[in-house]
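Report on one structure; see the data block that follows.
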Amino acid sequence: MPKKIPERKCIGCGLMKPKNSLVRIVRTPDGSFAVDFTGRAQGRGAYICHDPECLDMAEKNHGLERSFGQKISADIYAQMRRSLQDE
């Protein structure tokens, strides 16, 4: 029997995809946000596609704010865009 591949939902486009094809956005215990490419950082996480357009959709539909239950500033979105482009 083949091993089951875990799937997660992208907060931008809303599609279910294999976990290893998505990037994790994490709110650390101290309250800061970071892009977690390893998927192992400590804290509350949400998943998004590698595509910057998905981050634009997540900003427009407030996907991160729903996932983390708090307001997300434009500075954090800009930081995430830079991180996604650098990777």
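The values are calculated or read from the model by the stated rules, or taken from the named source; none is laboratory data. Everything quoted here is computed from the prediction, not taken from an experiment. No Cβ is skipped: glycine too gets one built from the backbone with ideal geometry, and neighbour counts run over all protein chains shown. Remember, those area values only see protein heavy atoms, side chains included, never the ligands or the DNA or RNA. Shrake-Rupley method; radii C 1.70, N 1.55, O 1.52, S 1.80 Å.
The largest accessible area among ILE48, ILE11 belongs to the first residue in ILE11, ILE48, and the rest follow in falling order (1.4 Å probe, all chains).
Qualifying GluC sites (Glu not before Pro) in segment 1-75, where qualification requires a DSSP coil assignment and no more than 15 other C-beta atoms within 10 Å, are lacking entirely.
Over the chain, accessible surface divided per residue gives 65 Å², non-protein components excluded, 1.4 Å probe. Just checking the listed ones, GLY12, GLY39, GLY69: in the Gaussian network model of the chain with Cα springs under 10 Å, the one fluctuating most is GLY69. The Kirkwood hydrodynamic radius of the chain, based on inverse pair distances between different Cα atoms, is 13.1 Å. The calculated FRET efficiency for SER73 paired with LYS3, based on their beta-carbon distance and R0 = 25 Å, is about 0.05. Checking every one of the trypsin sites (Lys or Arg not before Pro) in segment 19-77 against DSSP loop status and a limit of 16 other Cβ atoms within 10 Å picks out ARG40, LYS71.
Under the convention that each Lys and Arg Cβ holds +1 and each Asp and Glu Cβ holds -1, the size of the dipole of the chain around its Cα centre is about 500 debye. Share of the chain's accessible area from carbon and sulfur, percent, 1.4 Å? It is 51 percent, rounded to a whole number. Within the listed set ASP51, ASP30, ASP75, the residue fluctuating most in the Gaussian network model of the chain (springs between alpha-carbon atoms under 10 angstrom) is ASP30. Between ASP36 and ARG24, ILE25, VAL26, the built amide H atoms are under 5 Å apart, and every one of these is 5 or more places off in sequence or on another chain.
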